[in-house]
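The values are calculated or read from the model by the stated rules, or taken from the named source; none is laboratory data. As the structure is a prediction and not an experimental result, all values here were calculated from the model. Ideal geometry is used to build each Cβ from the backbone, glycine not excepted, and the neighbour counts take in all protein chains shown. For accessibility, only protein heavy atoms count, side chains too; no ligands or nucleic acids. Shrake-Rupley method; radii C 1.70, N 1.55, O 1.52, S 1.80 Å.
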Amino acid sequence: MTANRSLLILPGDGIGPECMGQVRRVIDWMGEKRAVRFEVEEDLVGGAAIDAHGTPLTDATMDKALSADAVLLGAVGGPKWDDLPFEQKPERGLLRLRKDMELFANLRPAICFDALVSASTLKPEVVAGLDIMIVRELTGGVYFGEPRGIEDLGGGERRAVNTQVYTTSEIRRVAAVAFELARKRRNRVCSAEKANVMESGVLWRQEVDKLHEESYGDVELSHIYADNCAMQLVRNPKQFDVIVTDNLFGDILSDEAAMLTGSLGMLPSASLGATDETGRRKALYEPVHGSAPDITGQGKANPLACLLSYSMMLRYSFDLGAEADLIERAVEDVLEQGIRTADIVSEGTTEVSTEAKGDAVLAALDRLAG
Ligand code: IPM
Ligand code: MG
């Protein structure tokens, strides 16, 4: 098979390149053993791009991202770039990708693998069998709202402003993604906002209700205040199926959900745009974890969130469900063998390096593919 699928890889900063190195090995394995081939290009984002080009994302890289079938990203940021002016920080590269590719729906599945039940800080019975999907709005809200900025009021006084803003269509399109996903899962959507204190929350709730009545009456819908949602996620996370929420609440709730699964090092994500006339949708896949400067370069990083992001890519962008299943089974297999990076090591399991975990994944793939 020829490589008619194009993939842009942006390893980024910190542990991003280490994790992506292991994913590249699986990408090669898929090409060799399953004829799943990509036209792969690699480029810089975040601090790495700042060091090379003075900007966290060049226009040329942005163009490549816009024309690729899918983008796979590692992580951005680190202490080296912390003191840069806000508009030049590594994170702005990622935010520009999301905004310019119009990736409004961010899917963050929190699945607790059986082998990792004891790695969670919560009681086993609370997290065993957990499988929830957080759908985070990704191109609106306080992340991008205007006006924004810090102004000098004189006399040593300053004032900072950010704006939480949502329109009907922004709410409806992300809610539709949540309803569609729920239909393929356990058919329940819970929408989280702060309608008790924010007008944007009132509108969010009304528009979700309206869309539900119009088109998704078969899906069970509930509403929850975001603070209560945070509490319920640690009290009884299995009550949830799909949670849909705004950009900022989604950022926070998804980190919380990640820890239910044992480690931030396990959680992948997919960021999707609208489907065009040809049925194609822009997409970027990335682990939920950050660049983890504290462990960078020590071989301690867990490459599985990055690998599972690649498997989400196979599933959502290329309809290669069987290959995605294969990767997920290989991950489970490695965890069951007790082969662990530092973040999920526990009694009776063995701590291995990032590279050795990659070795174990490849060995599991060989075995499972027979
Ligand atoms: C995430 C991250 C980003 C965000 C940062 C790196 C800008 O925390 O993807 O959750 O806040 O969206
Ligand atoms: Mg975050």
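Structure values in brief
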{"quantity": "Per-residue ³J(HN,Hα) for the range 49-66, Karplus 6.51 cos²θ - 1.76 cosθ + 1.60, θ = phi - 60°, Hz, x for Gly and Pro", "calculated": "6, 4, 4, 7, 10, x, 8, x, 7, 6, 4, 5, 5, 4, 4, 4, 5, 5"}
{"quantity": "Over the chain: helical MRE at 222 nm, DSSP H runs n ≥ 4 each giving -39500 (n - 2.57), nearest 500", "calculated": "-13000 deg cm²/dmol"}
{"quantity": "Within the accessible area of the range 46-172 (1.4 Å probe), percent carbon and sulfur", "calculated": "51 percent"}
{"quantity": "Loop-resident sites, the range 216-280, for GluC sites (Glu not before Pro), counting at most 13 other Cβ within 10 Å (DSSP)", "calculated": "GLU277"}
{"quantity": "Residues whose placed amide H lies under 5 Å from that of HIS223, excluding near-sequence neighbours", "calculated": "SER191"}
{"quantity": "Förster radius 51 Å - calculated FRET efficiency between ASN236 and ASN4, Cβ distance, rounded to 0.05", "calculated": "0.65"}
{"quantity": "Point-charge dipole on Cβ atoms (K/R +1, D/E -1) for the range 209-336, about Cα centre, debye to 20", "calculated": "360 debye"}
{"quantity": "Alpha carbon centroid spacing (whole Å) that separates the range 172-210 from the range 45-84", "calculated": "32 Å"}
{"quantity": "Amide H within-cut-off set for GLY74, under 5 Å, with H built and near neighbours excluded", "calculated": "LEU10, GLY12"}
{"quantity": "Accessible area per residue in Å² at 1.4 Å probe, computed on the chain", "calculated": "43 Å²"}
{"quantity": "Label-point gap, in nm, between ASP366 and GLU332 - each point 7 angstrom along Cα→Cβ", "calculated": "2.3 nm"}
{"quantity": "Cα-based convex hull volume of the range 206-334 per residue, rounded to whole Å³", "calculated": "163 Å³"}
{"quantity": "Fraction of alpha-carbon pairs over 26 Å apart in the chain - percent", "calculated": "52 percent"}
{"quantity": "Rounded to whole Hz, the Karplus (6.51, -1.76, 1.60) HN-Hα couplings of the range 254-267, x for glycine and proline", "calculated": "6, 5, 5, 4, 4, 5, 5, 8, x, 7, 4, x, 10, 9"}
{"quantity": "Full-extension gain in nm, VAL126 to LYS210, via 0.36 nm per residue minus C-alpha separation", "calculated": "26.9 nm"}
{"quantity": "Alpha carbon centroid spacing (whole Å) that separates the range 322-356 from the range 113-167", "calculated": "28 Å"}
{"quantity": "FRET efficiency for GLU256 and ARG159, using Cβ-Cβ distance with R0 set to 22 Å, rounded to 0.05", "calculated": "0.10"}
{"quantity": "Integer Hz, Karplus 6.51/-1.76/1.60 couplings in order for the range 315-329, x for Gly and Pro", "calculated": "6, 8, 8, 10, 6, 9, x, 5, 5, 5, 4, 4, 5, 5, 5"}
{"quantity": "Rounded percent of accessible protein surface that carbon and sulfur make up, the range 199-281, 1.4 Å probe", "calculated": "52 percent"}
{"quantity": "Order by protection proxy (mean Cβ within 10 Å, highest first), peptides 103-114, 179-190", "calculated": "103-114, 179-190"}
{"quantity": "Calculated FRET efficiency for the pair GLU32/LYS80, C-beta based, R₀ 45 Å, to 0.05", "calculated": "0.75"}
{"quantity": "Nearby lysines by direct alpha-carbon distance to LYS300 (threshold 24 angstrom, same-chain neighbours under 8 apart not counted)", "calculated": "LYS80, LYS357"}
{"quantity": "Cysteines having no other Cys beta carbon under 4.7 Å from their own, within the chain", "calculated": "CYS112, CYS190, CYS229"}
{"quantity": "Computed lengthening from ILE150 to GLU277, 0.36 nm per intervening residue step minus Cα-Cα distance", "calculated": "41.6 nm"}
{"quantity": "Overall form of the range 131-260 per C-alpha gyration tensor (a/c, 1.5; a/b vs b/c)", "calculated": "prolate"}
